[in-house]
Amino acid sequence: MTEIKTVGVLGCGLMGSGIAQTAAAAGFTTVVREVSDELIAKGKGAITGSLNKLVEKGRIEASARDATLGRLRFTTRTPDLNEADIVIEAVTEDLELKNALWKELDALCPAHTIFASNTSSLTIAAMAATTRRGDKFVGLHFFNPVPLMKLVEVVRTVTTAPETFDRAFEFARRLGKEPIAAKDNSGFVVNLLLVPYLLDAIRQLERGVASAPDIDKAMQLGCGHPMGPFILLDFVGLDTTFKIAEIMFAEYREARYAPPPLLKRMVLAGYQGKKSGKGFYDYGTTPPTPTNLGL
């Protein structure tokens, strides 16, 4: 069994940068591939900022920050991942884009390299089938913010070899995470249960059951949730939620996974949540105030 020493990461956005930081902090040589120098600079800045905050809060020493940054290498060339023992993909939820990258890497990487997708809604089988290493393919679904969230869903598909799954599971532990085993169904465990809850909260807002702040408060104080569904939706991103819901609805054809009309209208209007400054709440004010959605 080949020991995992070098980690490749496809994508250096919100999730990719967090995965890269976590891998480098755990002692792995980490090579991160992005499509442009501009996106690399943005991702590198996010990692440096995250590590600096941990130093400021006394969670890590400055020397640990510097060591982590020293284990990171950035590139715009996919072939530079050819020496990775595991490649973790964290690009847009677009199956054609992901599969084009997997096909390219399949021809570049040695036979022992594990391929792992951080997809939150697509099936692993839909990607593994485009390669000649279905036995070396798994899902590794991290949660945002990756350096702080402990859970990783380790997903086996019908072709995943037991040895591959065991290596991936142990790798997640070496990252300091708490892995759980999941089968290859769209949404795995967390999103399978979470997405219908979030979509139903939107439906109840559409029906006039209560306001967004009151629904949020009800779920926080009544159910002990750390944040209500609308705050969480804004944090995840309404466009991201809409895309995930569409993928899961196409998979299951169940009404509870269908994006509500209000969510679609908000995404079309550019209301993506916290990252765009406006979602169910307007983040241009302090504290954020409920957005007037014309309900």
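Being at pLDDT below 95, under 18 Å from ASP85 (Cβ atoms) and surrounded by fewer than 24 Cβ atoms within 10 Å (Cβ to Cβ), is that true of even one residue in region 3-23? Yes, region 3-23 has at least one match. When TYR197, TYR257, TYR283 are screened for being surrounded by 19 or more Cβ atoms within 10 Å (Cβ to Cβ) and at pLDDT 95 or above, only TYR257 passes. For first residues located in region 259-285 and aliphatic (A, V, I, L, M), partners that are surrounded by 15 or more Cβ atoms within 10 Å (Cβ to Cβ) and in a strand (DSSP E or B) and lie 6+ apart or on another chain with Cβ distances below 7 Å do not occur. Sub-7 Å Cβ pairs linking a first residue in region 32-58 that is under 29 Å from LEU105 (Cβ atoms) and in a helix (DSSP H, G or I) to a second residue that is at pLDDT 95 or above and of a type in the set (Lys, Arg), at least 6 apart or interchain, are LEU51/ARG65, ordered by first then second residue.
Only residues that are closer than 19 Å to GLU93 by Cβ and of a type outside the set (Val, Ile, Thr) were counted across region 109-148, and they come to 20. Name the residues in region 178-215 that are assigned to a loop (DSSP other than H, G, I, E, B) and in contact (Cβ under 8 Å) with a residue 40 or more places away in the chain, would you? Hits for region 178-215 are ASP184, ASN185, SER186, GLY187, PHE188, GLY208, SER211.
Of everything in region 46-85 that is closer than 13 Å to VAL32 by Cα and buried (at least 18 other Cβ atoms within 10 Å of the Cβ), the residue that is farthest from the chain's Cα centre (by Cα) is ARG71.
In region 40-55, the count of residues that are charged (D, E, K, R) and within 19 Å of THR113 (Cβ to Cβ) is zero.
The values are calculated or read from the model by the stated rules, or taken from the named source; none is laboratory data. Note that the structure is predicted; figures quoted are calculated from it, not measured. As a convention, Cβ positions derive from the backbone with ideal geometry for all residues, glycine included, and neighbour counts pool all protein chains shown.
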